[in-house]
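Accompanying notes for the structure given below.
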Amino acid sequence: MDFYIILLAIILVLIFLSYHVVFYFRTKVPIIITPKKFIINLVDHIKQNNLLDSNSVVYELGSGWGDFSFAIENLNPQKIIAYELSFIHIFWSKIKAKIRKSKISFEMKDFFQADLSDADFIYIFLVPKIVDKVWKKMKQECKTDTMMVLLGHELSNEKYLYKIKTNPDKKDSTYYYFYRIDK
Ligand SMILES: C[S@@+](CC[C@H](N)C(=O)[O-])C[C@H]1O[C@@H](n2cnc3c(N)ncnc32)[C@H](O)[C@@H]1O
């Protein structure tokens, strides 16, 4: 009996890992999640600096389990839209949203096909090559003053507005980089 349970566990882990590998080949982005502590620090920063208000429209591009979207909902922006291609992640996010009676719109969609023209604030944790493409799209579509927060690295061809530590308790903390559309 124990043998079959262990075998089943191994098979499930292998299926889960293969799923991630297949997705990596599709999107060229690994499914890695922003640590909860980083999200708490970011939401605190957004709150303390009044970066959002009740009219703000927020996007999370590549939402994973939706942790940023759920956290930012506590600040009551007008609308939150989260795009994700992974079926498992979007399915779980939708269930969680239902249980929490959340108004976040989780959509299984390629964010390159999305219209970002009403965005006030965009959260991104991707890889440099894809982020460069997103920034190009944002510059074409988004209105002046739309903000983008990027976890982990800077844009190659653009100076950031400012940066904050993802985890101020750590000496070797990574950073969130803030950018603003300036037309
Ligand atoms: C590094 S993870 C970040 C997840 C989440 N935003 C977080 O910070 O915890 C990037 C996510 O973007 C998704 N993704 C990559 N390219 C995408 C695309 N073109 N459209 C929608 N989702 C995409 C991946 O499936 C993955 O879940």
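The values are calculated or read from the model by the stated rules, or taken from the named source; none is laboratory data. Values in this document were obtained by computation on a predicted structure and should not be read as measured data. Neighbour counts are summed over all protein chains in view; Cβ atoms, including those assigned to glycine, are modelled from backbone coordinates with ideal geometry.
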Q. From the list LYS79, LYS109, LYS163, which residue is over 16 Å from the mean Cα position of the chain (by Cα) and either surrounded by 14 or more Cβ atoms within 10 Å (Cβ to Cβ) or of a type outside the set (A, V, I, L, M, F, W, C) (or both)?
A. LYS163
Q: Sort through SER86, SER102 and tell me the only one that's closer than 30 Å to ARG26 by Cβ and over 16 Å from the mean Cα position of the chain (by Cα).
A: SER102
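To keep it simple, each residue is scored yes or no on (1) free of Cβ contacts under 8 Å to residues at least 60 places away in the same chain; (2) within 25 Å of GLY152 (Cα to Cα).
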{"residue": "LEU17", "(1), (2)": "yes, yes"}
{"residue": "SER54", "(1), (2)": "yes, no"}
{"residue": "GLN78", "(1), (2)": "yes, no"}
{"residue": "SER86", "(1), (2)": "no, yes"}
Q) Name the residues in the stretch 103-121 that are of a type in the set (Gly, Ala, Ser) and within 9 Å of the ligand (Cβ to nearest atom), would you? A) ALA114
Q: Only one of these is away from the ligand (no atom under 11 Å from the Cβ), surrounded by 14 or more Cβ atoms within 10 Å (Cβ to Cβ) and acidic (Asp, Glu): ASP53, ASP145, ASP132, ASP67. Name it.
A: ASP132
Q. Name the pairs: first residue in the stretch 102-114 and assigned by TED's automatic domain parsing to the domain that holds LYS79 and over 11 Å from LEU85 (Cα atoms), second residue among the hydroxyl-bearing types (Ser, Thr, Tyr) and surrounded by 14 or more Cβ atoms within 10 Å (Cβ to Cβ), Cβ to Cβ under 8 Å, at least 6 apart or on different chains?
A. ILE104/SER69; ILE104/SER93; ALA114/TYR59; ALA114/TYR83
Q: Confirm whether GLU73 is within 15 Å of the ligand (Cβ to nearest atom) and outside any helix (DSSP H, G or I).
A: no
**Q.** strands (runs of 3 or more DSSP E) wholly inside the stretch 96-183 containing at least 3 residues that are closer than 19 Å to GLN78 by Cα
**A.** 105-108, 121-124, 147-151
(Q) It is to be established whether one or more residues within the stretch 31-49 are farther than 29 Å from ASN167 by Cα, within 16 Å of the ligand (Cβ to nearest atom) and modelled with pLDDT under 95. (A) no
